[in-house]
Amino acid sequence: MNTIAALKQGNLLVFNEIYYSWHKRIYSFILQKTKSSFIAEEVVQLTFIKFWNYRESLADDMEVHLQLFRIARTTLIDLLRKETVYKEKVIHVMEGYRLPQDELWGKLAEKELQHKLAHALEEMPPMRRKVFEMSRFKGMSHQQIAQELSLSSRTVEAHIFQAIKQIKHYFGLLLPLLAWLFPC
């Protein structure tokens, strides 16, 4: 039985074999293109989910790895488009928020804070970022987020915890500069 036919019949052993044979290569390919391990992990995960979900529409006359890389490429393009739209929204929101300062140093520090927050959000995996955005920007409760995204509230809490931890890491590098600019 050929590989595509076995996949179309729902053979998990064949799928697992393909996954273990190709996931590292796809990860490396996406990592080389994006230089982001978060995006690479997300694209690989989405690629194999799509590969399994749409297995019945796989081409019988095309090699499996070619179809996998095609799915990975289109998934990456879709993800990057969404990232661009999201980044524009974050910049728009952050530009609307201003600290009550007129000093040159205050403005420089504010811009740096905005840049760091946008960068920290950009580097988050999409689900973590979405949960954090729903919690902090839209003011939704953990339970509301869990219901909307079909997650457990513990998973929502974990995403928010990891998002805050990641943001603190980015801002942690900036704290000495802020202390120097604004001594008590």
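Here are a few things to note about the model shown:
- Taking 0.36 nm per residue of separation and subtracting the current Cα-Cα distance, fully stretching the chain between THR74 and TYR20 would add 17.3 nm.
- Per residue solvent-accessible surface (Å²) - segment 107-147, probe of 1.4 Å: 51 Å²
- Sequence ranges 64-70, 80-86, ranked by mean other-Cβ count within 10 angstrom, highest first: 64-70, 80-86
- 19 Å Cα-Cα reach of LYS82 towards lysines, excluding residues that sit fewer than 8 places from it in its own chain: LYS33, LYS35, LYS50, LYS130, LYS138
- Note that segment 20-36 has calculated 3J(HN,Hα) couplings of 5, 7, 10, 5, 5, 5, 5, 4, 4, 4, 5, 4, 4, 6, 9, 6, 10 Hz, one per residue in order, obtained from phi through the Karplus relation 6.51 cos²θ - 1.76 cosθ + 1.60 (θ = phi - 60°); glycine and proline are x.
- Computed over protein heavy atoms with a 1.4 Å probe, the accessible surface of segment 1-44 works out to 63 Å² per residue.
- Carbon-plus-sulfur accessible fraction, segment 13-68 (probe radius 1.4 Å, protein heavy atoms only): 52%.
The values are calculated or read from the model by the stated rules, or taken from the named source; none is laboratory data. Since this is a predicted model, take the numbers as computed values, not measurements. Backbone-built Cβ (ideal geometry, glycine too); neighbour counts: all protein chains shown. Ligands, DNA and RNA are stripped out before the accessible areas are found, and what is left, the full protein with its side chains, is counted by its heavy atoms. Shrake-Rupley method; radii C 1.70, N 1.55, O 1.52, S 1.80 Å.
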